[in-house]
């Protein structure tokens, strides 16, 4: 039996209620380590119908890739090693991001690992959904899609 068919979709009610009250688009941050860029491109291409209804923000090279290869419009921040992860963390802390999809390579040491840890921590502190792999990204985005079709 395939366990993937039994995953439950959970999106924090507080986050979705706040977005719906304000009548704003859901703001999604997209980040991918170099070894995960192809996965991110495939993910956003597959889910472009959902993502085109969202405001998208990404670190520089991830944003550039998505802007160049898809119809989606992504606001580009700095690259991760230059402070892009921290910029996105700042947006999370100021409640300007509703969902973070960060396809990271857990087996590769990154020169900016402290920044990555800080981003993950700020998501936890502010109760912002964070996906760090394709399975969790699919689940969280499907939860967002349910709320977009209400």
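Each value in this text was obtained by applying a stated rule to the coordinates, not by laboratory testing. Not measured: the values here are computed from a predicted model. Here the Cβ positions follow ideal geometry from the backbone for every residue, glycine too, while neighbour counts run over all protein chains shown.
For the range 24-148, the relative contact order is 28 percent, taking Cα pairs closer than 8 Å that sit 6 or more residues apart in sequence and dividing their mean separation by the residue count.
Can you figure out the FRET efficiency of residue 94 with residue 49, using R₀ = 35 Å and their beta-carbon distance, to the nearest 0.05?
Numbers: r = 29 Å, r/R0 = 0.82.
Here the calculated transfer efficiency is 0.75.
What separates the Cα centres of the range 29-77 and the range 97-128 is a distance of 16 Å.
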